[in-house]
Amino acid sequence: MADRLNGYRILILETREEAQFSRLLAEQGADVVQCPMFEIHDAPDPAPVEAFIARFIEKPFDDLVLLTGEGLRRLMKVARRVGNDADFVASLAKARKFTRGPKPGRALREIGLEPQQTTEKPTSEGVAEMLSRVELKEHRLALQLYPDKDHSALIGAIKAWGADVETVLPYVYDPKAADGKIVTAIEEMAAGQIDAIALTNLGQVRRLVEAARAHNCEATLREGLTRTAIASVGPAVSGELQAHGLRTDITPANDAFFMKPLISAMAAELAKKPPRACRS
């Protein structure tokens, strides 16, 4: 049913995965307030990224594992800057390409390539499970990483299967650059301008609280959350909320801890009273 959230202002803390969530909410008529948790920048030292691209061109890897679409786009940005993007794409075409979920596949298609395999589980564990079913012994494997994640278990598993792993980290997160927007979102909740905040991973809870503490507005955050429905995608997020002395108002039923069931639960709960805009 479309427009189930028509008129309701829903706050989401954006990460790499939130674009789809925002789209799904908007399809239900919600006024989505998007607040970034961080900004993304190129790797501060471009030399290792440039060297990785040069080695890939000189001797193409047997396999390429892309964990994010952003990673490939940042690699291509560097390749274009140094003027060897065509050679880089030609070398990428020679490797088997594995992707973590659909987003890296879309980035590959932007440069005319296709992944050979995509994991159904867009997690490091899903990538490991996918790679465990292919021959990697004595293969040179390039692994594109993303920031703020311990990738040692995945790297260790790949090495245990006999591959020579080379990693590249083409971008970094800058959380402080987004603090101002987070504080603005906190103030909007405290002013009663948000109907619900929707949380899809526990890192969002931590980031919200950390930013509030850093800017001396934790009391404002807690006041805002008393006036705003708190929607949690599942037990991990609800547990993190509880650890900070916060409640969960809305969560999916029947262990369906995904975005669409969360939206359905939000629509059902918020329908019990009109949007704040209609109450002001």
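Each reported figure results from applying straightforward, stated rules to the coordinates on display, with no laboratory input. Model, not experiment: these values are computed from the prediction. Methodologically, a virtual Cβ is constructed for each residue, glycine included, from the backbone with ideal geometry; neighbour enumeration extends over all protein chains shown.
Put simply, of Phe61, Phe38 the only residue that is buried (at least 17 other Cβ atoms within 10 Å of the Cβ) and out of contact with any His (no Cβ under 9 Å at 6 or more places or on another chain) is Phe38. Of the set (1) surrounded by 14 or more Cβ atoms within 10 Å (Cβ to Cβ); (2) free of Cβ contacts under 8 Å to residues at least 12 places away in the same chain, all apply to Ala47 but (1).
With segment 128-199 as the region, which strands (runs of 3 or more DSSP E) entirely inside it contain at least 1 residues that are small (Gly, Ala, Ser)? Reasoning before the result, please.
Values: elements: 140-144, 164-168, 171-174, 196-199.
Output list reads 140-144, 196-199.
Residues of segment 219-248 that are touching a helix residue (DSSP H, G or I) at 6+ places or on another chain (Cβ under 7 Å) and either touching a residue at least 40 places away in the same chain (Cβ under 8 Å) or small (Gly, Ala, Ser) (or both): Gly224, Thr228, Ala229, Ala231, Ser232, Ala236, Leu241, Leu246.
Residues in segment 112-140 that are under 22 Å from the mean Cα position of the chain (by Cα) and either of a type in the set (Gly, Ala, Ser) or surrounded by fewer than 17 Cβ atoms within 10 Å (Cβ to Cβ) (or both): Glu114, Gln117, Glu120, Lys121, Thr123, Ser124, Glu125, Gly126, Ala128, Glu129.
Here segment 141-154 is the region considered, the condition is being surrounded by fewer than 18 Cβ atoms within 10 Å (Cβ to Cβ) and over 23 Å from Met76 (Cα atoms), and the residue that is nearest to the chain's Cα centre (by Cα) is Asp150. Residue pairs whose Cβ atoms lie under 6 Å apart, separated by 6 or more positions or on different chains, with the first residue in segment 138-164 and within 21 Å of Leu108 (Cβ to Cβ) and the second assigned to a loop (DSSP other than H, G, I, E, B) and among the small types (Gly, Ala, Ser), are His139/Ala163; Leu141/Ala163.
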